[in-house]
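Worksheet: one structure, shown below.
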Amino acid sequence: MATSKPQFLANDAIASDVYEGLTASPKHLPAKLFYDTTGSQLFEQITELPAYYLTRTERSILEEHASQILRQAGSALTLVELGAGTATKTRILIEELLRQQPRALFYPIDVSPSALDQAAWQLGNEFPGLRVNSIVADYTGGVPALSRIVGRKLVLYIGSSIGNFEPPHAIRILRRIRQTLRPGDALLLGADYAKSPKILLPAYDDALGVTSAFNKNMLARLNRELDADFDLEAFKHVALWNRRCSRVEIYLESLADQSVFLPTLDLDVRFRAGERMHTENSYKYTMGMIESILRESGFMLEQTWQDRQNWFGVHLARV
Ligand code: AVI
C-alpha cells in the first residue's frame, strides 16, 4: 500500500475521495459515487421494487393530502425542489397547485442538467400554467439564488434524501437553505421512519438483487473511471440495521483475501476475507429526531402527514 498521500488534480474529486476511503480503516467509499448514469437507472428500478416501500408510500401520502398540504403551506406559492432529478413525484403537487392557483413558478434544483432538461420539457408540456426555471446546483452547499425569488416559497425536500446524510450534516444543509428563505416560507420534508428491521432490511437487500447491483456498480465505476481491477463477483452486498444510530448501513464485503490495484492512484489495496467496506448510511427518523433537526436548522414543525402504517412521514415546517 502506498505510504504517503499523492497529490491529485484539484478537480479530480473522485480520485481523492476514493484514495482517502480505501486507505482508511475501516475502508469506505463515498455514497455520491452511486449516481453515474447506470447507478441512477438502477436507483429508478429500486424505487419500483415491491420491497422498497419508501417511494410508493411517500407518493400515496402526497396523493391523499396534496390539497391540504398546499393550503397549509399558504397562498400564491412558488415551488422549489432540492435534488429534483426528473421531478416525477412533484407532479402530484404541481397538479394540485394549479387547481388552487391559475399559474405557478417551479424551481427544480439538481446537479444533473440532463435530468433538469427532461423535467422542464415534460412539465412544461403537461402544465401550460407552469413556468419552470431550472437551477443546476449542488443544493448541499446552499443555493444563494433562492433569496432572489420573490413571493412565498414552498421548498420540497422529498424522497427521504435527508436520510443519506449524517444528522449534523443534514442540519447544516437545512440551515443553509433556511438562510435563503423569508418568514412565512415553508419546507416540505419527506423522511422514512425507524421501524422493524424485518421491513427495513428487505428494502435495502431485495430478493431480485437490484440493490446489490446498485451497490456493486460503484466498483464497476472505479474500474471504468480509475482503471481499477475490482472483481465484482468477489464482493457481496450487505445491509445491516444499526438500531443505536437508527440507520441502515450498506457495505461491500470481500469474499476472499484479495488485492485490488488502482493504477491511476498508484494504490494497491488489500482486503481480508469477510472485510466490509462501508458505502452508505440511510438514517431512519423518529418524530423526536425530525423535530430536533428542524429546530436546530431554524424551522418550526407545523404539521405531519403519515401513511396508515406510520412507515413514512411528510412534514411541513415554517421559517
Ligand atoms: C436516495 N436514498 C433516499 C435511497 C435510500 O433509501 O436511502 C438510496 C438507496 N440506497 C439503497 N437503496 C436506496
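The values are calculated or read from the model by the stated rules, or taken from the named source; none is laboratory data. Remember, it's a predicted structure, so these values are computed and weren't measured experimentally. Please note: Cβ atoms are built from the backbone with ideal geometry, for glycine as well, and neighbour counts cover all protein chains shown. These area figures cover heavy atoms from the full protein model, side chains too; ligands, DNA and RNA do not enter into them. Shrake-Rupley method; radii C 1.70, N 1.55, O 1.52, S 1.80 Å.
Worth a mention:
- The chain, helix-only ellipticity at 222 nm - DSSP H runs n ≥ 4, -39,500 (n - 2.57), divided by all residues, nearest 500: -11500 deg cm²/dmol
- Residues of type lysines that LYS195 reaches as a straight line, Cα spacing below 29 Å, ignoring anything fewer than 8 places off in the same chain: LYS27, LYS32, LYS89, LYS216, LYS236, LYS284
- In degrees, nearest ten, helix 13-23 long axis to first principal axis of the chain (Cα): 50
- In this simple spin-label model, placing a label point 7 Å from the Cα along the Cα-to-Cβ direction at both ASP227 and ARG56 gives a separation of 4.6 nm.
- Relative contact order (percent, whole number), the chain, Cα cutoff 8 Å, 6+ residue spacing: 21
- Given charges at beta-carbon only (K, R positive; D, E negative), |dipole| of region 187-310 in Debye: 580
- Put simply, the amide H of TYR285, placed in the peptide plane, has neighbours under 5 Å in ASP192, TYR193, ALA194, leaving out anything fewer than 5 places away on its chain.
- Candidates GLU280, GLU302, GLU225: whichever shows maximal mean-square fluctuation once the chain is modelled as a Gaussian network with Cα springs under 10 Å: GLU225
- Positive dipole terminus of region 261-309, leading residue within PHE271, SER282, GLN303 (C-beta point charges): PHE271
- Charge dipole of region 127-223 about the Cα centre (unit charges at C-beta), most positive-ward option of LEU208, LEU219, HIS169: HIS169
- Charge dipole (the chain, unit charges on Cβ, about Cα centre) - positive-most of SER67, PRO183, TYR19: PRO183
- For TYR193, the accessible surface of its heavy atoms amounts to roughly 10 Å² (probe 1.4 Å, protein chains only, rounded to the nearest 10).
- Relative contact order [Cα under 8 Å, 6+ residues apart], region 204-319, whole percent: 17
- Taking 0.36 nm per residue of separation and subtracting the Cα-Cα distance, full extension of the segment from GLN68 to THR38 would add 7.1 nm.
- For region 187-241: relative contact order, % (alpha-carbon pairs under 8 angstrom, 6 or more apart): 38
- Couplings for region 245-255, taken from phi via the Karplus curve 6.51 cos²θ - 1.76 cosθ + 1.60 with θ = phi - 60°, read 8, 6, 8, 8, 10, 10, 9, 10, 9, 6, 8 Hz in order; Gly and Pro are left as x.
- Rounded to the nearest 20 debye, dipole of the chain from Cβ charges on Lys, Arg, Asp, Glu: 1380
- Derived scalar couplings ³J(HN,Hα) [region 37-44; Karplus, 6.51 cos²θ - 1.76 cosθ + 1.60; whole Hz; x for Gly, Pro]: 4, 5, x, 5, 5, 5, 5, 4
- Normalised per residue, the accessible area of the chain is 46 Å², obtained with a 1.4 Å probe and no contribution from ligands, DNA or RNA.
- The H on the amide N of GLU302, modeled in the peptide plane, is under 5 Å from the matching H of LEU316, ALA317, ARG318, each at least 5 residues off or on a different chain.
- For the chain, carbon and sulfur atoms together expose 50% of the accessible surface, with a 1.4 angstrom probe and every protein chain in place.
- Extending 7 Å from the Cα toward the beta-carbon at both ASP17 and ALA256 defines two label points whose distance is 3.0 nm.
- Rounded to whole Hz, the Karplus (6.51, -1.76, 1.60) HN-Hα couplings of region 147-157, x for glycine and proline: 6, 8, 7, 8, x, 7, 9, 10, 8, 8, 10
- Counted residue by residue at 0.36 nm each, then reduced by the alpha carbon distance between them, the extension gain from ARG99 to ALA76 reaches 7.1 nm.
- Taking label points 7 Å from Cα along the Cα-to-Cβ direction, ARG244 and ASN125 give a separation of 5.3 nm.
- Pairwise FRET efficiency - LEU201 versus GLU296, Cβ, R0 = 25 Å, nearest 0.05: 0.30
- Degrees, to the nearest 10: 90-100 long Cα axis against longest axis of the chain: 10
- Nonlocal amide H pairs with LEU267, under 5 Å, H built at 1.01 Å: LEU262
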